[in-house]
């Protein structure tokens with residue numbers, strides 16, 4: 001297959017599925033992953049709605065620039081697993097915890113399932129709810145609400161109304177961006193509201209943030225770092241974020 005034919009085929013695949021991975025395309029077209037990366041860079045130049053991310057690319061939806069869940073789930077898997085396993089040590093038997101809809105929180109849910117910890121888990125994530133649905137040592141509380149396919153989660157009025165009546169010992173929350181001037185931000189207003197409430201309605205607050213989020217500022221503010229106990233990540237942030245964390249008394253845990 002000629003390079004131009006392969007590029008056309010990749011474009012058709014992206015239009016059909018909204019997201020594609022480098023590994024899958026490499027296997028499908030029997031070329032190296034580096035070749036696919038070059039193809040995707042050409043596609044980004046050609047089409048402004050195509051966004052390159054670590055491990056693949058996706059087409060932005062109107063009013064929603066977040067990468068589709070299935071693509072995010074395949075990104076930085078080892079790093080997210082290390083973050084999850086390290087943060088699991090914060091849990092104690094009998095805890096009630098809140099988990100947001102992030103893929104890193106999903107890794108923590110998977111660690112909880114493999115453990116023997118008896119916990120109550122509050123989440124707005126359909127993916128996490130499915131993961132823990134047959135876990136006999138967790139009491140699962142799902143917020144309900146309006147389903148958002150991009151994040152496989154529930155948001156909106158019913159979700160925030162449910163959150164107002166819930167409280168937890170600990171919250172484990174991620175974000176779309178962590179910026180030294182603007183704090184924690186999100187791509188989606190509904191997700192930002194849920195994460196803000198999870199932090200506000202928990203006694204102890206933990207952040208699960210991979211290094212791709214550092215230095216980014218998105219449209220919707222979640223919160224600043226006040227009251228956050230620790231940030232779990234896979235790489236040290238820059239001095240601006242480290243300085244902000246030191247000012248707020250947030251422990252940095254590099255996994």
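Structure values in brief
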read-out	value
Residue ranges of helices (runs of 4 or more DSSP H) in segment 29-107 with at least 3 members at pLDDT 95 or above and either more than 30 Å from residue 230 (Cα to Cα) or within 22 Å of the chain's Cα centre (by Cα) (or both)	77-87
Some residue of segment 205-213 being assigned by TED's automatic domain parsing to the domain that holds residue 89, in contact (Cβ under 8 Å) with a residue 40 or more places away in the chain and farther than 21 Å from residue 125 by Cα	yes
Hits in segment 1-19 - residues which are closer than 16 Å to residue 37 by Cα, without any contact (Cβ under 8 Å) to a residue 40 or more places away in the chain and surrounded by 12 or more Cβ atoms within 10 Å (Cβ to Cβ)	3, 6, 7, 8, 9, 10, 11, 13
Residue within segment 186-193 that is part of a strand (DSSP E or B) and surrounded by fewer than 18 Cβ atoms within 10 Å (Cβ to Cβ) present	no
In segment 162-185, residue surrounded by the most Cβ atoms within 10 Å (Cβ to Cβ) [restricted to those that are over 24 Å from residue 95 (Cβ atoms) and out of contact with any helix residue (DSSP H, G or I) (no Cβ under 6 Å at 6 or more places or on another chain)]	176
Every residue from segment 43-52 that is surrounded by fewer than 16 Cβ atoms within 10 Å (Cβ to Cβ) and touching a helix residue (DSSP H, G or I) at 6+ places or on another chain (Cβ under 9 Å)	46, 47, 52
Single condition residue 144 does not satisfy, out of (1) part of a loop (DSSP other than H, G, I, E, B); (2) touching a strand residue (DSSP E or B) at 6+ places or on another chain (Cβ under 7 Å); (3) touching a residue at least 24 places away in the same chain (Cβ under 8 Å)	(3)
Single residue of segment 238-255 satisfying the filter (part of a loop (DSSP other than H, G, I, E, B) and modelled with pLDDT of 95 or more) that is surrounded by the most Cβ atoms within 10 Å (Cβ to Cβ)	250
Test for residue 130: is it closer than 18 Å to residue 208 by Cα and under 17 Å from the mean Cα position of the chain (by Cα)	no
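The values are calculated or read from the model by the stated rules, or taken from the named source; none is laboratory data. This structure is a prediction, so every number in the text was calculated from the model and none was measured. As a convention, Cβ positions derive from the backbone with ideal geometry for all residues, glycine included, and neighbour counts pool all protein chains shown.
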